Each structure stands twice: as structure tokens, then as C-alpha cells.
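The values are calculated or read from the model by the stated rules, or taken from the named source; none is laboratory data. None of these values were measured; they are calculated from a predicted model. Reconstructed Cβ throughout: ideal geometry from the backbone, glycine too, with neighbour counts over all protein chains shown. Ligands, DNA and RNA are stripped out before the accessible areas are found, and what is left, the full protein with its side chains, is counted by its heavy atoms. Shrake-Rupley method; radii C 1.70, N 1.55, O 1.52, S 1.80 Å.
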Amino acid sequence: LPWRRQILEGLLGADLVGFQLPGAAQNFVRLVRQRVGHKTHRDLVYLPDGRMVKAAAFPISIDTDGFAELAGSEPVMKRAAEIRAELGHPERIFLGIDRLDYTKGIYPRLRAFAELIRDGHIDVEDAVFVQVATPSRERVEQYQLLRDEIDRLVGHINGDLGRIGRPAIAYLHSSYPREEMAALYLAADIMVVTPFRDGMNLVAKEYVACRLDEDGALVLSEFAGAAEELRQAWMVNPYDIDG
């Protein structure tokens, strides 16, 4: 990043700089020492004008009780049952919910699912992948290209591997209210959260909060900040499609 020094100096205009994880805060202090040349000690940066800047971690979370209450409500439970019925009552529903963003690892995730079907580990009669891609920065060319790329991939996978009434991937490019999200979390057996990099990723936490019977499974990228906290998830490397 050519303007890295200016970004660091700009952040040092604050008295407290917050990060999702302790490792990120430590990395910031190390970079300030190496790239800007200020003295540091543990989580403190000493500026020439006598001011001190503190770097610390403040991991973001969710309204856990709110999601749990929503998931236990009759309308949401009824909607979750409807979703399973609309999908043809498959044995397993995989779910991905992300902003349509190149950091979220949607493309390799869907490719990996397709390879599981091709290799005979999964059958489209028994399993479906529901991918919700929330519109994001649609005027930016890079995001338009990503959307086209994902659209082509989904069409290609469904054309090759799907059957009438049984698509391999149910792809939804739309935003949904919290109630519908809770119903999706409740309907899904397996949540797949595989970003290339993520400060935290609240979707992973929301899914766990909605599993009132403590069932379901979470497949989580080791590069999501949530991986530091949700250690019982199935950890994957999104750069390793075979893995």
C-alpha cells in the first residue's frame, strides 16, 4: 500500500484506536514502530508531541438474546418449515449469507460444493446450497464484475449438476429483514462462512444464536475474526478448495 504511512499517521490522530482482535491491535503498534518510527510499548504509541495513543481490541458482537427470541417465535419457526418445504424437504440444507463482496469467498465456496457433488459425496436429491448475496456497492465496476462471475458460476453448476425441481444451488441476490434471516438460520443444517478475510463476521454468530436446540454445524474460515471466538466450528482455509 503506497500510502500506508499516511494512513498510520492519520489513525494516530485519535487517542484510542480500536480493532476487532488483539492480534490486529498488536500489528498496528508494530507497523507504527516500523513504518513511522514512533516509540511504542505494549499497546501504547508515544508521539513526539508528548501525546500517547492506545491500541486495543473491542470485538463486535450481536444481540444474542434478540436473535434467540426471534428464532423461538412461532412465525419464524413456521417460516423455517416453509423454507424447507419450498426447497423440497432435502436431507441437508447448506446456507451462505454474505454481502456480495470479493473478500467473502463466495466463488470458491460454491465451487467446492459443486466438487462435492461431482465426486459423489453429496447428491442433489439430498442436499441444496442456499446462497444469499446481499447487494453491495453496485455502482462500482469490480462489484458488477463479481456479480456477473457468480451468476455465471451458479448457472453453470445448476446446468451441469441440477435436476428438474432440484437445483444444486438456490441463489438469491437480495436483502432480507431480520425475521427472514432468522428463519433461514433455523432452516439450515450447515452454515458456511468462508471469507478470505473478515474483521469478525456476525453472520456466524447469528447462526449460532438461532440454533436453540444446539444442533446444526458451522463451517468457518480460519481468516474470519469470529474463528478466534467460535473455536468449535469446522475450520477451513478458503484458499484451499480441495480442503
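Tabulated results
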item	result
More than 18 Å apart - percent of Cα-Cα pairs taken over segment 2-116	70
Centre separation in Å (Cα based) which lies between segment 73-110 and segment 182-243	13
Carbon and sulfur %, accessible surface of segment 159-219 computed with the full protein complex present, 1.4 Å	52
Solvent-accessible area of residue 46 with every protein chain in place, 1.4 Å probe, in Å² to the nearest 10	90
Filtered GluC sites (Glu not before Pro), segment 17-121: DSSP coil and at most 12 other beta carbons within 10 Å	91
The chain: angle of helix 106-118 to the longest principal axis, Cα-based, in degrees nearest 10	40
Sum of side-chain charges, residue 89 neighbourhood, beta-carbon under 13 Å (Lys, Arg +1; Asp, Glu -1)	-3
Tilt relative to the chain, helix 178-187 - C-alpha long axis, 0 to 90 degrees, to 10	60
With all protein chains modelled, accessible area of residue 107 [1.4 Å, Å²]	80
Length released on extending from residue 148 to residue 240, taking residue separation times 0.36 nm less the Cα-Cα span	30.8 nm
Amide H partners (placed H, <5 Å) of residue 99, local residues excluded	134
Full-extension gain in nm, residue 102 to residue 52, via 0.36 nm per residue minus C-alpha separation	14.4 nm
Longest segment of the chain lacking trypsin sites (Lys or Arg not before Pro) that sit in a DSSP loop with at most 14 other Cβ atoms within 10 Å	52-136
Relative contact order (percent, whole number), segment 89-163, Cα cutoff 8 Å, 6+ residue spacing	45
Residue-span extension gain [residue 118 to residue 39] - 0.36 nm each, minus C-alpha spacing	22.9 nm
Positive-pole candidate from 28, 220, 234, dipole of the chain, charges at beta carbon	28
Column: log10 I(q)/I(0), Debye, Cα scatterers of the chain, q = 0.09, 0.10, 0.12, 0.14 Å⁻¹	-0.48, -0.57, -0.77, -0.96
Distant-in-sequence amide H partners of residue 19 (H built 1.01 Å from N, under 5 Å)	56, 57, 58
Surface/4 of the Cα convex hull for segment 197-243, nm²	3.3
Overall Cα dimensions of segment 141-238, principal axis frame, Å, largest first	37, 31, 26
Principal-axis tilt of helix 141-161 within the chain, Cα atoms, nearest 10 degrees	30
Residues of segment 1-29 with amide N under 17 Å of the 7 Å Cα→Cβ point at residue 136	20
Contact order normalised by residue count of segment 1-128, Cα under 8 Å, 6+ apart, percent	19
Mean Cα-pair separation over length for the chain, i.e. relative contact order, pairs under 8 Å, 6 or more apart, %	21
For segment 1-55: accessible area per residue (Å², 1.4 Å)	67
